[in-house]
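Working notes, structure below.
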Amino acid sequence: MRNLTGACHCRNISVSFETDLAPADMVPRACQCSFCRLHSTAAVSDPAGHLTFSVRDPEQLNRYTFGLGSTEFLICRTCGVYAGAFMPDGDAAFANVMAGVLDACGEITSPAVPVHRSQENLDERRARRRAMWTPATLVQESR
């Protein structure tokens with residue numbers, strides 16, 4: 001497995017993405033919900049990998065939720081970067097990361113594919129994310 005790293009602009013939120021996928025083989029997804037359209041998202045994930053978000057200053061992490069409320073959209077309060085979506089799931093969690101946050105984002109050459117998920121109910125959405133997103137951890141440094 002390779003380890004792709006990255007961070008928000010101010011580096012408060014850093015990312016470690018363990019994956020067997022080469023960046024050139026990744027196909028980002030552009031969710032068409034209003035939030036994601038406003039952020040021009042290009043999300044990547046790997047169900048066989050692991051994603052770790054590390055937060056230096058937890059007070060500067062905005063865990064925005066909307067809609068069905070099943071997911072936390074991780075946004076840095078300092079620089080405004082949307083780093084990824086994080087779904088707590090019992091003792092586990094699943095996430096995706098925005099391709100632009102990764103240091104290797106220039107190697108992700110496939111255009112983002114629009115995806116429409118507005119017809120999913122909560123159970124369907126959570127099941128899809130368990131199957132398609134990356135197992136994840138969110139680490140917050142204590143102050």
Of all residues in segment 14-65 being touching a Cys at 6+ places or on another chain (Cβ under 9 Å) and aliphatic (A, V, I, L, M), the one that is farthest from Glu120 (Cα to Cα): Val55
Test result for Ala99, touching a residue at least 40 places away in the same chain (Cβ under 8 Å) and in contact with a Cys (Cβ under 6 Å, 6 or more places away or on another chain): yes
Pairs with Cβ under 7 Å, 6+ apart, first in segment 1-27 and more than 13 Å from Cys105 (Cβ to Cβ) and free of Cβ contacts under 8 Å to residues at least 60 places away in the same chain, second of a type in the set (A, V, I, L, M, F, W, C) and surrounded by fewer than 22 Cβ atoms within 10 Å (Cβ to Cβ): Ser14/Ala7; Glu18/Met1; Asp20/Met1; Asp20/Ala48
Residue within segment 118-134 that is of a type outside the set (D, E, K, R), on the phi < 0 side of the Ramachandran plot, part of a strand (DSSP E or B) and in contact (Cβ under 8 Å) with a residue 40 or more places away in the chain present: yes
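Taking Arg56 as the residue in question, decide whether it is in contact (Cβ under 8 Å) with a residue 12 or more places away in the chain, surrounded by 14 or more Cβ atoms within 10 Å (Cβ to Cβ) and touching a helix residue (DSSP H, G or I) at 6+ places or on another chain (Cβ under 8 Å).
On the way: in contact (Cβ under 8 Å) with a residue 12 or more places away in the chain: yes; surrounded by 14 or more Cβ atoms within 10 Å (Cβ to Cβ): yes; touching a helix residue (DSSP H, G or I) at 6+ places or on another chain (Cβ under 8 Å): no.
Spelling it out, it is not the case that Arg56 is in contact (Cβ under 8 Å) with a residue 12 or more places away in the chain, surrounded by 14 or more Cβ atoms within 10 Å (Cβ to Cβ) and touching a helix residue (DSSP H, G or I) at 6+ places or on another chain (Cβ under 8 Å).
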Residue within segment 63-75 that is without any contact (Cβ under 8 Å) to a residue 12 or more places away in the chain, over 20 Å from Glu107 (Cα atoms), out of contact with any strand residue (DSSP E or B) (no Cβ under 7 Å at 6 or more places or on another chain) and surrounded by fewer than 21 Cβ atoms within 10 Å (Cβ to Cβ) present: yes
Per-region count, segment 76-88, residues buried (at least 16 other Cβ atoms within 10 Å of the Cβ) and within 17 Å of Ala131 (Cβ to Cβ): 3
Residue that is closer than 21 Å to Asp25 by Cα and more than 11 Å from the chain's Cα centre (by Cα), where the choices are Ala92, Ala48, Ala83, Ala99: Ala48
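Taking the condition of being of a type in the set (Ser, Thr, Tyr), loosely packed, with under 11 Cβ neighbours inside 10 Å and over 16 Å from Gly67 (Cα atoms), how many residues in segment 110-143 meet it?
If we filter segment 110-143 for residues that are of a type in the set (Ser, Thr, Tyr), which is where we start, we get 110, 118, 134, 137, 142.
Next, from what is left, pick out any that are loosely packed, with under 11 Cβ neighbours inside 10 Å: 118, 142.
Retained after the next criterion (residues that are over 16 Å from Gly67 (Cα atoms)): 142.
Residues that pass the stated criteria total 1.
Coordinate-derived values only; no laboratory data. Predicted model, so just to flag it, every value in this text is computed and none were measured. Heads up, the Cβs are rebuilt from the backbone with ideal geometry, glycines too, and the neighbour counts pull from every protein chain shown.
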